[in-house]
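What follows is a single structure, written as structure tokens, with notes after it.
Here, each number is a calculation from the coordinates, and none is a lab measurement. Note that the structure is a prediction, hence the values are computed from the model and not measured. Note that each Cβ is placed from the backbone with ideal geometry, even for glycine, and that neighbours are counted across all protein chains shown.
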């Protein structure tokens, strides 16, 4: 077992590979009563290909990652989450674009629940009948997505921005792909993506790492090695958007405008370099469009925006974009102001005091995250998959210069920007 000390934060991380295969990271939190555990597989909605046991290339149907997430909870025809509940643990799972994560938190019976999580994760026992029943559950979930007007706006914007990237498709898949799902296909996908060598476990809390390692080493919780494996993401995406603007009517009370800006972040660059660019973009957008900037203050004073206004920077492994949106009765005024600001971004200057202020906010947010077990577990797990420790984030942020931030102004072009305008449906007489 390796021990890494982060003296600046008075924290210690222990790391080992269970039976030389599954990476396990234990972040010690003395005096914390709760323990938070995550176990992630590198299977998300954007993954479309894998190699099976015979060496043949296979396709991942749309929505398979999410469907599989549901079925991993089935053991012998019953929901294994009940077993976690009976022993004081609350378990959940989620699928995003690049991974599927199972998690639980508890204050007791840790070893048993960690063993149960691994067994559930690595040894699926779902049946064809169970898959058949689950189709209706997921179809209802998909219908609920489609009935949400703000999700429809977001999904419409993604399709206006991306040509080929699976990001434009629903994580749940399509009605056709859900109805056609079968148990054997899901098991084959599981064998390729839910491999111990590909997974990452993170445990945060007041625990004895040596005792936990001994317990896991004695438990039979890893499958045999498989020849199946994920295949690299292969979709090529243009930096330009598909459509500059979409306007439609949705079941909403107030018009809503959502801008999307594709950010030129190459997926083949080293993760640390992409992370540095991510920090610099966050500073730039906060300074220009954030709630302490001139744009927000001006639009708020004029009554163009309300407290629904927000910015979100999204950086995945194979994509990056910024979202800026608000509810507004002054649609044209909001569109014009943002278009003007984006068009003149290259001339935008940044005061040294403002630059340092935003950087200090980033520092504070990072320090606060270390006391949130859930945030720390997920962030650490995401970073460590790329060979970077989340604890290096602060030093990396400190090293980002104003010149780096200013250099990004020239990388955003009109061709990278799309917007989706949603107006209330016209009611009949």
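List of remarks:
- Distance histogram for segment 326-427 (every C-alpha pair counted, 10 angstrom bins, percent rounded to whole numbers): 11, 27, 27, 28, 7, 1
- Length-normalised contact order of segment 245-424 in % [C-alpha pairs under 8 Å, at least 6 apart]: 43
- Its residue count N fixes a reference of 2.2 N^0.38 Å for segment 2-230, and the Cα radius of gyration divided by that reference is 1.08.
- Ascending count of other beta-carbon atoms within 10 Å, so fewest first, for 6, 390: 6, 390
- C-alpha long axis of helix 373-384 to longest principal axis of the chain, angle in °: 90
- Column: log10 I(q)/I(0), Debye, Cα scatterers of segment 245-424, q = 0.08, 0.14 Å⁻¹: -0.28, -0.85
- Average Cα contact separation per residue, the chain, under 8 Å, 6 or more apart, as relative contact order %: 21
- Degrees between helix 149-161 axis and first principal axis of the chain (Cα, 0 to 90, nearest 10): 80
- Packing order of peptides 182-188, 279-285, highest average first: 279-285, 182-188 (average count of other Cβ atoms within 10 Å over each peptide's residues).
- Computed log10 I(q)/I(0) for segment 1-132 at 0.17 Å⁻¹: -1.06, from the Debye equation with unit scatterers placed on every C-alpha and solvent omitted.
- Calculated FRET value between residue 139 and residue 82, using beta carbons and R₀ = 25 Å, to 0.05: 0.55
- Sequence-separation-based contact order of segment 41-101, relative, with Cα cut under 8 Å and 6+ spacing, percent: 46
- Rg over Rh for the chain works out to 0.98, both radii taken from alpha-carbon positions and Rh defined as the Kirkwood radius.
- Among 427, 273, a tally of other beta-carbon atoms within 10 Å of each Cβ gives an order, fewest to most, of 427, 273.
- The ranking of 256, 45 from fewest to most other beta carbons within 10 Å of each one's beta carbon is 256, 45.
- Where Rh is the Kirkwood radius over Cα pairs, Rg/Rh for segment 379-429: 1.31
- Kirkwood analysis of the Cα pair distances in segment 30-76 returns a hydrodynamic radius of 13.5 Å.
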